[in-house]
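Rule-based calculations on the coordinates, nothing more; no lab input. As the structure is a prediction and not an experimental result, all values here were calculated from the model. Every residue, glycine among them, receives a Cβ derived from its backbone with ideal geometry; neighbour counts consider all protein chains shown.
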Amino acid sequence: AQFPSAVKESLAKLKEAAADVVANNLWTAEELEKEREESGSCWEYHKHLDAAVARVEEGLVEREEDARLVVLALVASEHILLLGVPGTAKSVLGQRLAMLCDGTFFQRLLTRFTTPEELFGPLSLKSLEQDEYRRVTAGFLPTADIAFLDEIFKANSAILNTLLTILNERKFDNAGSRESCNIRCVVGASNELPESEELVALFDRFLIRKEVSPVSDEGVLKLLSMRNPGETLCSDGDNDGVDCDLQFTGDLDGIIKSLSSAADMVVMDEDACELMKDLRIFLNNRLQFENGFGTT
């Protein structure tokens, strides 16, 4: 009971200090408008990102933050881990990501008995006749753009190393050669954190991690009042004039490049660095949190 309260108290102090710093360094409305009007500014993609988040969140209850994070993972080309009990729309979030960019979607429920063939494709019989150990990867994880892997921490040793290589390097070893993978984002889901040390490396591959909670009591009322919870105007075919065009068709790489260039220009000032240092000290010392920021 002391651990959560100490975390909340310390984070509240950090948020208050951060808010003061932000308030003292806010841009004026004129400065912000000037940047927005600059040629090549990433602000022109703001409406695309908002529309993408709205498309992912549509028909769901209390999932705005989760929708924003999965879209963030997509444009950042990172993987996201969703932790939560069954029935919290984790798989729906992954499926809708693929719809945003017309990408190939791959989905699997992992168990301790999942075989490599289920994730990476069956062996090619023609290749075996030529003494070549090659997998037919079409329609499987190595050729997918977006993937949803449920119960990700049930991954066994037979698939773990290959899975780690795909997640980290976007590469797949096939028939003695290393092939590039198109994977943009893997959405991993689990009901629990990894228990064995061999799964820690897999946990680390997910830069974004979010706990997905069941809907609140107020959210249940909204959920019960919906005609078709989880459905969208674009998914049931009766869109009634609603724009169901894919948000990122042909533009995703351009959006990523523009946002990456803008991010490279962001420099943490001294106050922000001090805040991060204080948070690291707090995690390492007061909470005895091993492997804090910058220590791995």
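Full extension of the chain segment joining Asp50 with Leu279 gains 79.4 nm, where the gain is 0.36 nm per residue of separation less the Cα-Cα distance.
Axis angle, to the nearest 10 degrees, between helix 46-57 and the longest C-alpha principal axis of the chain: 60 degrees.
Straight-line cross-link partners of Lys154 among the aspartates and glutamates, defined as a Cα under 20 Å from its Cα and at least 8 positions apart when in the same chain: Glu117, Glu118, Glu192, Glu195, Glu197, Glu198, Asp204, Glu211. Between Leu141, Leu221, Leu100, the residue with the greatest mean-square fluctuation in the GNM of the chain (Cα pairs under 10 Å linked by springs) is Leu221.
Cut-off 15 Å, label point 7 angstrom out along Cα-to-Cβ of Arg209: give me the residues of the range 151-188 whose amide nitrogen falls inside. In the range 151-188, the label zone of Arg209 (backbone N under 15 Å from the point 7 Å along Cα→Cβ) covers 152-154, 188.
Quick one: grab the alpha carbon gyration tensor of the range 33-131, order the square roots of its eigenvalues as a ≥ b ≥ c, and give me rounded if a/c is under 1.5, else prolate or oblate depending on whether a/b is larger than b/c.
Numbers: a/c = 3.42, a/b = 1.72, b/c = 1.99.
Oblate shape, in that a/c is at least 1.5 and b/c is the bigger or equal ratio.
Give the lysines reachable from Lys13 as a straight Cα distance under 28 Å; neighbours fewer than 8 places away on the same chain don't count. The qualifying lysines are Lys210, Lys277. Packing here is the average count of other Cβ atoms within 10 Å per residue, and on that basis the peptides 52-62, 200-210, highest first, run 52-62, 200-210.
The Cβ shell under 15 Å around Val21 holds other residues with a net charge of -4, Lys and Arg each +1, Asp and Glu each -1.
Compute the length gained on full extension between Leu193 and Glu169: take 0.36 nm times their separation in residues and subtract their Cα-Cα distance, giving the result in nm to one decimal.
Working: separation 24, 0.36 × 24 = 8.64 nm, distance 2.33 nm.
Full extension of this stretch gives 6.3 nm more.
Compactness check for the chain: Cα Rg over 2.2 N^0.38 Å is 1.14.
Residue separation times 0.36 nm, minus the C-alpha to C-alpha distance between Asn182 and Ala19: what's the value?
Working: separation 163, 0.36 × 163 = 58.68 nm, distance 3.96 nm.
Separation in residues times 0.36 nm, less the Cα-Cα distance, equals 54.7 nm.
Mind checking the alpha-carbon convex hull of the range 107-162 and giving the volume per residue in Å³?
Working: hull volume 4.6 nm³, N = 56.
About 83 Å³ per residue, rounded to a whole number.
With a simple spin-label model that places each label point 7 Å from the Cα along the Cα-to-Cβ direction, the separation between Asp264 and Ser225 comes to 4.9 nm. Our summary gives the chain a relative contact order of 24 percent, counting only alpha carbon pairs under 8 angstrom and 6 or more residues apart.
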